[in-house]
Every structure is written in structure tokens, then in C-alpha cells.
Amino acid sequence: MASRPPESQREATRAALDQLMLDFQHLDSSQRTLRGMVESFQAYLPERAASSGLVPRFRVLDQEAERLIGDYLATLDQHPFGETLDARALGAAHRAYAEVGPRLAKHADALDQVVLDYDGELTRIGQQVQRGRRLKDEASARTQRVAAAAKSLRATGLEVPELNDVLARTRAAAVAASGWEPSAGFRVLEQAVAELESLAVVAEDLAKDYPQRVARARTRRTSLATALEAVESRLARMPEDLAVLRREFSLGNWRDLDPGEKAVREQVALARTKLRDFDRLVEAGAEWTLPLRLLDEARAALDVAKAEVDGPGERLAALRAVKADPEDLLRKVRFRLRDAQLLVTNTPKVGRDAVARQLDDLARRLDGLRSGLRGAHPDYWALIQEADRITDAVKVQVERFRSL
């Protein structure tokens with residue numbers, strides 16, 4: 001019958017087993033850490049990984065680690081520790097544990113050394129991994145913003161077809177972001193995040209503005225109708241103003257205004273049609289998207305009409321003022337020009353000579369304007385336009401000089 005081994009031998013064997021397990025845990029942790037880094041390296045920086053010595057070095061170490069792990073498991077199978085082991089079995093187990101453990105520890109140190117040797121490369125990998133995580137987090141946050149805006153809008157009870165399109169595009173972009181893999185490149189992920197940001201802004205604007213637009217729609221319709229009536233009253237003066245222009249001034253002074261009356265009438269009629277369609281849809285209980293669009297279209301037509309309707313009257317007043325005193329127009333332009341010339345002359349700056357030459361050219365253009373006043377029927381409108389062009393050119397040169 002085998003003798004019971006001394007307790008000191010049992011404790012020593014148990015300590016060797018504990019150390020063996022610690023060495024294995026060290027090896028396992030180091031292998032997993034380095035393997036994850038290498039896989040990330042290959043995924044996030046494939047071109048750099050292909051030319052780096054890190055990957056082939058890891059492969060050799062990884063194969064050896066797998067072999068050592070096999071030895072570790074085999075040792076545990078062949079020498080299981082138990083309280084009933086005799087002295088001979090304890091001795092064999094102790095020797096096996098003490099032989100395998102240091103090899104595990106040494107190899108774990110070799111794996112750790114790779115991390116130290118390639119610290120620069122692994123830092124880049126970490127930065128890329130963090131970049132991917134950050135972008136995915138941003139995508140998730142923007143998706144949640146769209147969802148929150150949609151929830152808020154739906155709580156109003158309003159039907160908003162635009163929201164359906166926003167939600168469909170959000171789902172597509174969110175799927176692209178959540179399913180992104182490094183092999184696809186960061187551009188794909190960044191585009192998805194940018195798309196989600198744009199959609200979040202649209203959804204939030206809808207949630208904020210759409211209910212207010214609906215609440216103001218009828219008041220806005222009344223305001224547009226009032227503004228339209230004002231344009232129609234001014235429209236009645238257009239033919240008379242055009243007739244006076246034709247009697248008092250030559251063709252070049254008013255020819256560009258001829259199509260204006262027709263254009264205003266067309267835009268007024270269009271705006272009226274849009275308002276009638278708005279009334280019909282609202283009365284029928286239609287969802288608000290189309291009525292709101294009709295108000296926008298009525299406003300656009302009204303703006304075009306307003307920009308044209310006063311053209312003949314304003315032109316007539318401007319032409320009569322210049323005809324009565326053309327020198328007054330030239331004096332105003334000359335004053336601005338001389339003021340600019342004094343600024344350049346009295347302020348030494350590198351490059352001012354080029355500005356001075358440009359201003360001298362404008363002065364010659366201004367002097368040449370008088371030639372346009374000769375003859376029985378001067379083109380006063382051409383005079384006004386050229387005076388405006390010279391004034392604008394003077395402003396450009398002053399800004400250019402101040403930026404020197």
C-alpha cells in the first residue's frame with residue numbers, strides 16, 4: 001500500500017499547479033490581445049499591414065502559443081491534481097507543472113514584447129478602431145434624433161408624407177453604418193454619418209416648423225390674398241406708365257419693360273389659382289402637405305409679380321430726374337470716385353499704384369458719359385446703368401485697396 005505523502009509535498013505541488021494556471025492565463029491573455037490587434041491592423045490598415053513585419057512575426061508566435069496551450073491541456077489531463085495522489089504521482093505532477101509553466105510564461109513575455117516593439121503601429125490601429133467606434137456612435141445618436149423628431153411630430157396627429165421619406169432614408173443609412181466593416185473604408189461610414197446628420201436636421205425642422213406652419217396657414221392665406229390685391233391695383237397703372245414712357249423717351253429707355261405687364265398678369269393669375277386650390281383642399285380635409293406647398297407657390301408667384309409691377313413707374317421717375325438734371329447724376333458718381341482717389345493718394349501702401357490706375361480708367365469712363373447725352377433722344381437709361389456700373393467698380397477698388 002502506497003504511503004501517504006507529506007503535506008509539504010502536497011502544498012508544493014498545489015503551488016506549482018497554481019503557478020501553471022497563472023502562466024497559462026498570462027499566455028492566453030497576451031495571445032488574445034495581440035491577435036485582436038493584428039486582426040484590427042489587417043482590417044483597418046491593410047496596405048500598411050501587408051508591408052509590416054508585425055503580421056508574419058505574430059503568425060509564428062501564434063502557432064507556438066497554440067502548441068504550448070496543447071501541452072498545457074495535455075499536462076492537466078495526464079497529471080490531474082487530487083487529494084488522493086501518492087508521493088510518486090505528486091512528484092510526477094509537480095515536475096510536469098514546473099516544466100510546462102515556465103515555457104508558457106516565457107512565450108507570454110515574447111508576445112508582450114511584440115506589443116512593445118510595434119507600439120507605433122499598434123497605436124495607429126487603436127486610433128483607427130476608436131475612429132470607427134466614434135463614427136458608429138455618432139450614427140446611432142443621429143438615428144435616435146430622427147426617431148425622437150418623428151415621435152414628436154406624430155404626437156401632433158398630423159400626417160406628414162415628407163417624414164416617411166426621411167424615415168426610409170434614415171433606415172438605409174443606419175443599416176449602412178451599423179453593418180460597416182473596416183474593409184469597406186472609412187469613406188462609406190463617414191458618408192452614412194453625414195447623411196444621418198442631414199436627415200436629423202430635416203426631421204427636427206419638420207417637428208419644429210410643420211405644426212406651426214399648419215397653425216398659421218389660414219392667416220398666411222389671408223395675408224397673401226391682401227398682398228395680391230395690392231399688386232392687382234398697381235397693375236392697373238402699368239399700361240399708363242408704359243404709354244408715358246413711350247411718348248417721352250426713346251426706345252432704348254423702356255424696351256426691356258415691354259414684356260413686364262404680361263408677366264405680372266400671368267403671375268397674378270397663377271397666385272390666384274394656387275389660393276383657390278388651397279381653399280378647395282382645406283375644405284375637403286386633405287392632409288396639409290399640399291396646401292402648404294400651394295401657399296409657398298402662391299408666395300413665389302406673388303414675389304415675381306411684385307418685382308415687376310412697379311418697374312414702369314420707377315423707370316419713369318428715374319428717367320425724368322436724369323433728363324431734368326443729368327449733371328446731378330454725374331456729380332454724385334464723380335464725388336465717390338474722387339473720394340476713392342484721395343484715399344489712395346493719401347494712404348501709402350504697397351500696391352496702391354495698380355488701384356490708382358484702375359480709378360483713373362474709371363474717371364475716363366465717367367468723362368465719356370457726356371457723349372451719350374448728345375442728340376435729340378438720348379438714352380438716359382443707358383446713362384444710368386453705366387453710372388451704376390462705375391459706382392460699383394469704384395467700391396470694388398476701394399475694398400481692394402483696404403485689403404492690401
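Table for the structure above
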{"quantity": "Residue check, Ala286 small (Gly, Ala, Ser) and either crowded, with 20+ Cβ neighbours inside 10 Å or in a helix (DSSP H, G or I) (or both)", "calculated": "no"}
{"quantity": "Candidate set from the range 144-189 (those that are among the charged types (D, E, K, R) and either modelled with pLDDT under 90 or exposed (fewer than 14 other Cβ atoms within 10 Å of the Cβ) (or both)); member that is farthest from Arg133 (Cα to Cα)", "calculated": "Glu159"}
{"quantity": "Residue in the range 258-275 that is in contact with a Gly (Cβ under 8 Å, 6 or more places away or on another chain), in contact (Cβ under 8 Å) with a residue 12 or more places away in the chain and crowded, with 16+ Cβ neighbours inside 10 Å present", "calculated": "yes"}
{"quantity": "Yes/no for Thr219 being modelled with pLDDT under 90, exposed (fewer than 12 other Cβ atoms within 10 Å of the Cβ) and not assigned by TED's automatic domain parsing to the domain that holds Leu153", "calculated": "yes"}
{"quantity": "Any hit, the range 370-382, residues being more than 29 Å from Arg247 (Cβ to Cβ) and either among the small types (Gly, Ala, Ser) or in contact with a strand residue (DSSP E or B) (Cβ under 6 Å, 6 or more places away or on another chain) (or both)", "calculated": "no"}
{"quantity": "Residues of the range 247-268 that turn out to be assigned to a helix (DSSP H, G or I) and either of a type in the set (S, T, N, Q) or farther than 26 Å from Ala376 by Cα (or both), as a count", "calculated": "10"}
{"quantity": "The range 15-27 residues that are of a type outside the set (Lys, Arg), paired with ones that are not in a helix (DSSP H, G or I) (beta carbon under 8 Å, 6 or more apart)", "calculated": "Leu17/Phe81"}
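Residues are listed down the side, and each one gets a yes or a no for (1) modelled with pLDDT under 90; (2) part of a helix (DSSP H, G or I); (3) surrounded by 11 or more Cβ atoms within 10 Å (Cβ to Cβ); (4) hydrophobic (A, V, I, L, M, F, W, C):
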position	(1), (2), (3), (4)
Ala318	no, yes, yes, yes
Ala340	no, yes, yes, yes
Arg364	no, yes, no, no
Gly372	yes, yes, yes, no
Trp381	no, yes, yes, yes
Ala387	no, yes, yes, yes
Gln397	no, yes, yes, no
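The values are calculated or read from the model by the stated rules, or taken from the named source; none is laboratory data. If you're wondering where the values come from, they're calculated on a predicted model, not measured in any experiment. With ideal geometry, Cβ positions are generated from the backbone for all residues, glycine too; neighbour counts draw on all protein chains shown.
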